[in-house]
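**Student:** The structure's right below; bear with me while I get my questions together.
The values are calculated or read from the model by the stated rules, or taken from the named source; none is laboratory data. Computed from a predicted model, the values in this text were never measured in an experiment. In this analysis, Cβ positions are derived from the backbone assuming ideal geometry, glycine residues included, and neighbour counts consider all displayed protein chains. Side chains included, ligands, DNA and RNA excluded: accessible areas come from the protein's heavy atoms. Shrake-Rupley method; radii C 1.70, N 1.55, O 1.52, S 1.80 Å.
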Amino acid sequence: MESLFVTMHPNLRFGRSKAEILKSVAMMGGASVVNIAFGMIRSKAIALLLGPGGVGLFSLYNSITEITKALTNLGIPNSGVRQIAEAAGSGDTNRIAKTATVLRRMSILFALAGAIVLAGLAGPVSEFTFRGDRSQSAGVALLAIAVFFLSVSAGQAALIQGMRRIADLARMNMLSALSSTTVSIIFIYTFREEGIVPSLVAVAIVSAFVSWWYSRKLQVQSVRMKISDTLSEAAKLLKLGIAFAANSILTLGAAYAIRLILIQSHGVETAGLYQAAYTLGGLYTGFILQTMSTDFYPRLTSVSQDDGECNRLVNEQTHISILLAGPGIVATLTFASLVMTTFYSAEFTPGVNLIRWICLGMMLRVIAWPMGFIVLAKGAQWVILWIEIWAAIVHVGLASILVAKFGFEGAGAAFFALYVSHSFVVYLVVRRLSGFRWSRENVWLGALFLLSAAITFCGFLLLSFWPATALGLVVLLFSSLYSLWTLISLCSTDMLPSALRPWLARFARDPEKL
């Protein structure tokens, strides 16, 4: 272990902290599995009822909603998580109350502004999105209701996450997923394509109600605030929030632009294929990263002024992220065809190679992801903005070139190239911000899983289907066993089922821990 992370008892500290990460993952993991299951049920239903064209249309309407929300909430939910976590870390209840009060008020104010903006610009937005067609203006205007409720819900969820009420957040996410899936399927089954917009509106209303139900349980004292205090707290939220908003706008805008590139060059069906591939290629990775970030971001924020501790936490998070996500990415590469037909339908099989390109990008994302939180935790808003500007330029620029040259699969290759560039840039940035370096252990582990993903990908590129599948299975077996062996060695006794401890001890590097 590098000197930066050596303490009087380095291995003990490192192991315990990693075990804490695994406990957090276990807590949110169950909820995330439920969320993914319901999400895939919804995707399967939409695919069967509407086909690739309907999935593409659904993704366009959803993109309009998300971009409007990002444009008009000015990053208040994201900066709110940081400010609430920082206040909670100080133990100052009055500070927590002030930040929570302003967060709630601003969330409602900007939610209303977003709804008004989208309703007022429904015609131009419809014309731009649907290639000069204003016939979808009524549907776009109706999305204003979804924007309002989603923005309110995001503010309430930020308060819960910032207070690190992880159990409540898990329950809230599961209930939202169940309700949203049920509502979506009912609307789309009944009205087909005409039910897409009403389903998005209904889902937003349900999400807002569920988040309100859990946020009202927080024991935040009421506080009377002067106008000057309110403006001061609002300025703090906006200062970082604008950078978060720009981040979201650029990310969502790039995704939106790529869908438009695909539609204009190959038709709306290819946008549906890309949406399906992106969803499935990032399914397992998204589950791992979202589960871990729920607790990791507030925890890192609380120590963001201590570079040594901050870097140590990021290296530990990177280690666990790779071990948990790596085998899943190799599995998705290997079974891409089966995954696509299972979760969508046979009509989506032309998008299988897209999944594999996206999986390569996701492997790099897993490695780079924890580093990015250093920038967020330190509140370096201009750095965040420039990183995302660079990422958007690279992503859209490469997509326009590669789609024109290689067809719609070029969009997947552009995603992979984006994360080659992004990983390099973020590493250089955090080296300057906190002196971060990957531990030797993480360099080796990252190289191992990148090689595993590359071998599996190249197998399907160069070999026929069954030999490539056999190669993928061999790589998957070895990578899974290695991850399992390493993770077990990090677990404390109370994290493992008692009936399995004697058997698992055979695979642990330190059997006495079991």
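**Student:** Taking the Cα centre of each part, how many Å lie between segment 51-105 and segment 293-318?
**Tutor:** If we compute the Cα centre of each part, the gap is 21 Å.
**Student:** Let me ask you something else. Under the rule a/c < 1.5 gives rounded, and otherwise a/b versus b/c splits prolate from oblate, where does segment 201-250 land using the Cα gyration tensor? Write out the running numbers ahead of the final one.
**Tutor:** On the way: a/c = 2.90, a/b = 1.11, b/c = 2.60.
Here segment 201-250 falls in the oblate category.
**Student:** Turning to a different aspect of this structure: Could you pull out the pairs from Lys69/Lys98; Lys69/Lys378; Lys239/Lys378; Lys69/Lys217; Lys98/Lys236 whose alpha carbons sit more than 20 Å apart here?
**Tutor:** Numbers: Lys69/Lys98 24 Å; Lys69/Lys378 24 Å; Lys239/Lys378 13 Å; Lys69/Lys217 26 Å; Lys98/Lys236 12 Å.
Check vs 20 Å cut-off fails for Lys69/Lys98; Lys69/Lys378; Lys69/Lys217.
**Student:** Positive end of the charge dipole of the chain (Lys, Arg +1 and Asp, Glu -1 on Cβ, about the Cα centre): tell me which of Ala146, Gly281, Ile261 has its Cα farthest that way.
**Tutor:** Ala146
**Student:** If each residue of separation counts as 0.36 nm, what is the full-extension length gain between Leu448 and Ser228 once their alpha-carbon separation is subtracted? Could you put the intermediate results ahead of the total?
**Tutor:** Working: separation 220, 0.36 × 220 = 79.20 nm, distance 5.46 nm.
Result: 73.7 nm gained on full extension.
**Student:** Please get the size of the charge dipole for the chain, origin at its Cα centre, with Cβ charges of +1 on Lys and Arg and -1 on Asp and Glu, quoted in debye to the nearest 20. Can you show the working numbers first?
**Tutor:** On the way: 39 positive and 25 negative charges, 188 e Å.
The dipole magnitude comes to about 900 debye.
**Student:** In terms of solvent-accessible area of protein heavy atoms at a 1.4 angstrom probe, what is the ranking of Glu316, Glu193, Glu309, Glu347, highest value first?
**Tutor:** Numbers: Glu316 0, Glu193 90, Glu309 35, Glu347 115 Å².
In descending accessible area the options line up as Glu347, Glu193, Glu309, Glu316.
**Student:** Moving to a separate point now. Taking the Cβ-Cβ separation of Phe478 and Arg105 as r and a Förster radius of 60 Å, what is the calculated FRET efficiency to the nearest 0.05? Mind dumping the intermediate values first?
**Tutor:** Values: r = 54 Å, r/R0 = 0.90.
Efficiency for this residue pair is about 0.65.
**Student:** Taking H as built 1.01 Å from N, whose amide H comes closer than 5 Å to the amide H of Phe436, not counting residues under 5 places away?
**Tutor:** For Phe436, whose amide H was placed from the backbone, the distant partners under 5 Å are Arg431.
**Student:** How high is the relative contact order of the chain, in percent, with contacts defined as C-alpha pairs under 8 Å that are six or more residues apart?
**Tutor:** Details: 754 pairs, mean separation 100.3, N = 514.
Once normalised by length, the contact order is 20 percent.
**Student:** Right, next: Tell me which of Leu471, Gln290, Phe406 sits at the most positive position along the dipole axis of the chain, charges placed on C-beta atoms (Lys, Arg +1; Asp, Glu -1).
**Tutor:** Sorting the options by dipole projection puts first Gln290.
**Student:** Give, rounded to the nearest 20 debye, the magnitude of the charge dipole that segment 97-188 has about its Cα centre when Lys and Arg contribute +1 at Cβ and Asp and Glu contribute -1 at Cβ. Please list the in-between numbers first.
**Tutor:** On the way: 8 positive and 3 negative charges, 86 e Å.
I would put it at about 420 debye.
**Student:** Also, I was wondering about something else. Around Phe457, with a cut-off of 14 angstrom between Cβ atoms, what is the net charge of the other residues, counting Lys and Arg +1 and Asp and Glu -1?
**Tutor:** Details: positive: Arg356; negative: Glu409.
Local charge sum for Phe457: 0.
**Student:** Once the other residues with Cβ under 12 Å from the Cβ of Leu273 are scored (Lys, Arg +1; Asp, Glu -1), what is the net sum? Write down the numbers at each step before the final one.
**Tutor:** Values: positive: Arg259; negative: Glu269, Glu347, Glu409.
Cβ neighbours under 12 Å give a net charge of -2.
**Student:** If R0 is 60 Å, what FRET efficiency do you get for Thr190 and Ala235 from their C-beta distance, rounded to 0.05? Mind dumping the intermediate values first?
**Tutor:** Numbers: r = 47 Å, r/R0 = 0.78.
Computed FRET efficiency for Thr190 and Ala235: 0.80.
**Student:** To the nearest 10 square angstrom, how much accessible area does Tyr297 have with a 1.4 angstrom probe?
**Tutor:** Near enough 20 Å² of accessible area.
**Student:** Measure off 7 Å from each Cα along the Cα-to-Cβ vector at Phe424 and Ala404, then give the distance between these two points in nanometres to one decimal.
**Tutor:** With each label placed 7 Å out from Cα toward Cβ, I get 2.3 nm.
**Student:** Next question, about the same structure. In segment 254-387, with Lys and Arg counted as +1 and Asp and Glu as -1 at Cβ, which of these residues, Thr301, Ile329, Val352, has the Cα nearest the positive end of the dipole, that is, farthest along it?
**Tutor:** It is Val352.
**Student:** Enumerate the calculated ³J(HN,Hα) couplings along segment 319-324 in order (Karplus 6.51 cos²θ - 1.76 cosθ + 1.60, θ = phi - 60°), each rounded to whole Hz, writing x wherever the residue is Gly or Pro.
**Tutor:** Residue by residue, segment 319-324 yields 4, 5, 4, 5, 4, 7 Hz.
**Student:** Evaluate the charge dipole of segment 69-127 about its Cα centre and quote only its size in Debye, nearest 20, assuming +1 on the Cβ of each Lys and Arg and -1 on the Cβ of each Asp and Glu. Mind showing how you got there, number by number?
**Tutor:** Working: 6 positive and 3 negative charges, 39 e Å.
With only Lys, Arg, Asp and Glu charged at Cβ, the dipole is about 180 debye.
**Student:** Return, ordered by residue number, the residues of segment 365-406 whose backbone nitrogen is under 15 Å from a label point located 7 Å along Cα→Cβ of Leu461.
**Tutor:** Within reach of a label on Leu461: 406.
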